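Here the structure comes first, spelled out in structure tokens, and everything after it is commentary.
The values are calculated or read from the model by the stated rules, or taken from the named source; none is laboratory data. The structure presented is a predicted model; accordingly, all values stated were derived computationally and were not measured. Here the Cβ positions follow ideal geometry from the backbone for every residue, glycine too, while neighbour counts run over all protein chains shown. Each accessible area value is taken on the protein alone, full model and side chains, heavy atoms only, with ligands, DNA and RNA left out. Shrake-Rupley method; radii C 1.70, N 1.55, O 1.52, S 1.80 Å.
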Amino acid sequence: MDRNYVVYKLLRAVFKPLFHILYRPVIIGRENIPSDGAAVIAGNHKHALDPILVDVCTKRVVHTLAKKDLHDGRFGAFFRGAGTIPVDLHSAHNPAALDAAIKVLRAGGLINVSPEAKRNYTNELLLPFKFGAAVMSHRTDAPVIPYAITGDYRLFRRGIRIVFGAPILAGGREPDEINRELYDTIAALLRESMPQNERDSRHFTSYDEWRDRS
């Protein structure tokens, strides 16, 4: 058995029950994550704990795209052992990360990625989406499973909630079309899941508006 896979299983055995005890997440639609076969899991990014939240929603191994600084830092061995794929956020393109993710998908694995590429500290409902998830789906024909995370990580209280939507199928479509559907779907899931006061405080910029600004 691959060494990193063993490390991943050990880490999960510790963190999964601990995470449920500490944060008591509400998980909806986890059945949309396929029990086998390739899939890209993609959603909004609001907190450093989001990848762990996604991970505890399935029994399968999840390979998360994470910033390269984490791999190069003090706890690099931890992130490498967790099966994460490093991404250089200071670079406009990350072909090595994309190739690594596609390799996982072609082997029938799961990839978790945040199309926003960074945590959203703004009043925007969503930041503009990068094309990584859409390109992965386009090249491998793997479905994209959208998710929306709302609420707050509050110790020993039910504050955080994650909702998984129906799979978005590549179907031979171009990455831009896949990315547009992913953006609109996650936006809809967020609106449905957010409390009224939080929803009213957020500004929604459409997919086309973000494209026009770039």
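So, in segment 39-48, how many residues would count as being open to solvent by 40 Å² or more (accessible area, probe 1.4 Å) and more than 8 Å from Ile149 (Cβ to Cβ)?
Number satisfying all stated conditions: 1.
Can you name the residue in segment 173-204 that is outside any helix (DSSP H, G or I) and over 23 Å from Thr140 (Cβ atoms) and is also least open to solvent (accessible area, probe 1.4 Å) among such residues?
My answer is Met194.
Among the candidates Ala38, Ala13, single out the residue that is among the small types (Gly, Ala, Ser) and out of contact with any Gly (no Cβ under 8 Å at 6 or more places or on another chain).
Going through Ala38, Ala13 in turn, the sole match is Ala13.
So which strands (runs of 3 or more DSSP E) are wholly in segment 87-172 and hold at least 1 residues that are open to solvent by less than 70 Å² (accessible area, probe 1.4 Å) and farther than 17 Å from Ile33 by Cβ?
Counting at least 1 such residues, we get 144-151, 160-164.
Scan Pro128, Pro95 and give me the residue that is of a type outside the set (A, V, I, L, M, F, W, C), over 21 Å from Val61 (Cα atoms) and at pLDDT 95 or above.
Pro128
Results for (1) within 15 Å of Val62 (Cβ to Cβ); (2) outside any loop (DSSP other than H, G, I, E, B), shown as yes or no for each residue.
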| position | (1), (2) |
| --- | --- |
| Arg12 | yes, yes |
| Ile21 | no, yes |
| Glu31 | no, yes |
| Ser35 | yes, no |
| His47 | no, no |
